[in-house]
Each structure stands twice: as C-alpha cells, then as structure tokens.
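The values are calculated or read from the model by the stated rules, or taken from the named source; none is laboratory data. Please read these numbers as outputs of a predicted model, since none were measured by experiment. Cβ atoms come from the backbone with ideal geometry, glycine included; neighbour counts cover every protein chain shown. Calculation scope for accessible area: heavy atoms of the full protein, side chains included, ligands and nucleic acids excluded. Shrake-Rupley method; radii C 1.70, N 1.55, O 1.52, S 1.80 Å.
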Amino acid sequence: VRVTVEMPGVSKEKIKINAYEDKVEVKSEDPKRKYHEVIEIPYETDVETAMSTYTNGILEITFKKKEQSKPKGKQINIE
C-alpha cells in the first residue's frame, strides 16, 4: 500500500506522520506552511512496516499488507 502526499516547500524536519489501524495522519509543524490531512488506508495494512521518503516536495509512505492468516479449524470426530 502506498500513500503519496504533495507538500511543496515544507522542510522534512517539520513533517509529522502517525499511522493508525485504518488511517494515516500527516501534518506540518511549520507555521508558514500549515498542512494537516487524514488519509484512510485499507484495514489489511500493516502499520508496523511503514517507511517514508520525502523528495522534491513529494511525501511517499509505503506499507506492507498484513499476513493473511489461514482460517482456523478443527476436525470433529463423530462418536
């Protein structure tokens, strides 16, 4: 999963990113260039794998998908 945000003119030191179970919050703490956005992400996104880059005013945040767990089951014997 990839999230791309355009933030021209913002210093990367002023960008704060918080990832939650189903959303990403991106904000700028630069008083001259205020920015705040909450972006929904798919529920199967693994926020623990988040990585970000900021180049030429473009912030990219990438996540891996959660491992799909196989349905648990149990064989039941007939008595």
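Tell me which lysines have Cα within less than 25 Å of residue 27's Cα, excluding those fewer than 8 residues away on the same chain?
12, 14, 16, 64, 65
Where does each of 17, 78, 41 land when they are ordered by accessible area, with a 1.4 Å probe and the largest first?
From most accessible down to least: 78, 17, 41.
In Å², what does the accessible area per residue of the chain work out to with a 1.4 Å probe?
That works out to 84 Å² per residue.
What distance in nm separates the simple spin-label points at residue 30 and residue 79, each placed 7 Å from Cα in the Cβ direction?
Distance between the two pseudo-spin positions: 7.1 nm.
For the chain, calculate the relative contact order in percent as a whole number, restricting contacts to Cα pairs under 8 Å that are 6 or more residues apart.
Once divided by the residue count of the chain, the mean separation gives 31 percent.
Under 5 Å between amide hydrogens, which residues at least 5 positions from residue 49 or on another chain qualify, with H placed 1.01 Å from N in the peptide plane?
Sorted by chain and number, the residues that satisfy this are 64.
For every other residue with a beta carbon closer than 13 angstrom to the beta carbon of residue 2, add +1 if it is Lys or Arg and -1 if Asp or Glu, then tell me the sum.
With Lys, Arg at +1 and Asp, Glu at -1, the net is +1.
May I ask you to rank 43, 35, 20 by accessible area, largest first, using a 1.4 Å probe over the protein chains only?
Result of the area sort, largest leading: 43, 20, 35.
What are the GluC sites (Glu not before Pro) within segment 1-52 that DSSP puts in a loop, where the Cβ has at most 16 other Cβ atoms within 10 Å?
21, 29, 44
Expressed as cubic angstrom per residue, what is the convex hull volume of the alpha carbon set of the chain?
88 Å³
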